[in-house]
Amino acid sequence: MENQEAKAFQLLNLIELHEECQEFLAPVDYKRLGIPMYPIIIKNPMDIGTIKKRLKSHHYTNIHDFIADIQLVWDNCKKYNEVTTEIHQQAVFLEKQTRRHCSKLRLPLPHTNKNTGNDDGIFEDLKNATFEEKWRMTEAVRKLNQGTLEKIVKVVKEKCPESVETMETDKIKIKLDSITRETFNLLQEIIEEYTSENLPQKRPKNE
């Protein structure tokens, strides 16, 4: 890593020269921004400022981990923000510039997480999902506790507010047919996390 440290600093400097990078220089202040679901959706937050601090403190033992952290910044942004938002498009642009700079500096190219977004700005419409997918989601939601249900509602309200309908009885209805595939996948992650944490513990056979 010592031989490539100068190139790593050069890469960060080139990325920071882009005006679009300003939003990614510090950790996301989700409390100030009023987006409490951010740490639930984004498990490993990362930003350019943190990467620079890590680089200066010789945190990285190889160049691949350094490049992976940069890619994580763009992947997190694309995962949390819909493709139609400006911040998502900025991440897409910076991701492409990162690859271009890496190529010029002869650094390893980052591995893009294909599940975080779509460069064409098109998500698969959930109307094309199978009946079985929707049924499994509905059945799983019935078994969730109140706290997890609130997480589900918050995600849908943030990502697809038009898909939430408040009934006269103050109950909330989520219209699965109108949410994006990305949001559907996020709901699945929350449900799977709840399920794994609440699996019954197996008793030892000798009891």
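The values are calculated or read from the model by the stated rules, or taken from the named source; none is laboratory data. Please read these numbers as outputs of a predicted model, since none were measured by experiment. Cβ: placed from backbone, ideal geometry, glycine included. Neighbour counts: every protein chain shown.
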Being farther than 16 Å from ILE15 by Cα, touching a helix residue (DSSP H, G or I) at 6+ places or on another chain (Cβ under 7 Å) and not aliphatic (A, V, I, L, M) is the filter here; which residues of segment 57-76 pass it? TYR60
Have a look at PHE66, PHE93, PHE131 and point out the one that is hydrophobic (A, V, I, L, M, F, W, C), surrounded by fewer than 17 Cβ atoms within 10 Å (Cβ to Cβ) and at pLDDT 90 or above. PHE93
Quick one: in segment 174-199, which of the residues that are polar (S, T, N, Q) and under 16 Å from LYS151 (Cβ atoms) is surrounded by the fewest Cβ atoms within 10 Å (Cβ to Cβ)? SER196
Residues being in contact (Cβ under 8 Å) with a residue 40 or more places away in the chain, more than 16 Å from the chain's Cα centre (by Cα) and over 17 Å from TRP135 (Cα atoms) - total across segment 152-194: 1
Considering only segment 59-79, how many residues are within 14 Å of LEU94 (Cα to Cα) and among the charged types (D, E, K, R)? 3
How many residues, within segment 157-176, are modelled with pLDDT of 80 or more and assigned to a loop (DSSP other than H, G, I, E, B)? 2
Checked segment 1-50 for anything surrounded by 15 or more Cβ atoms within 10 Å (Cβ to Cβ), within 18 Å of the chain's Cα centre (by Cα) and in a helix (DSSP H, G or I); matches are CYS21, GLU23, PHE24, TYR30, TYR38, ILE40, ILE41, ILE48, THR50
Going residue by residue through segment 29-40, is there one that turns out to be at pLDDT below 95 and among the β-branched types (Val, Ile, Thr)? yes
Pick from segment 69-90 the residues that are crowded, with 18+ Cβ neighbours inside 10 Å and of a type in the set (S, T, N, Q): which of them is nearest to GLU20 (Cα to Cα)? GLN90
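Can you tell me which residues in segment 51-63 are polar (S, T, N, Q) and either closer than 25 Å to GLU82 by Cβ or surrounded by fewer than 11 Cβ atoms within 10 Å (Cβ to Cβ) (or both)?
Of the residues in segment 51-63, the ones polar (S, T, N, Q) are 57, 61-62.
Result: SER57, THR61.
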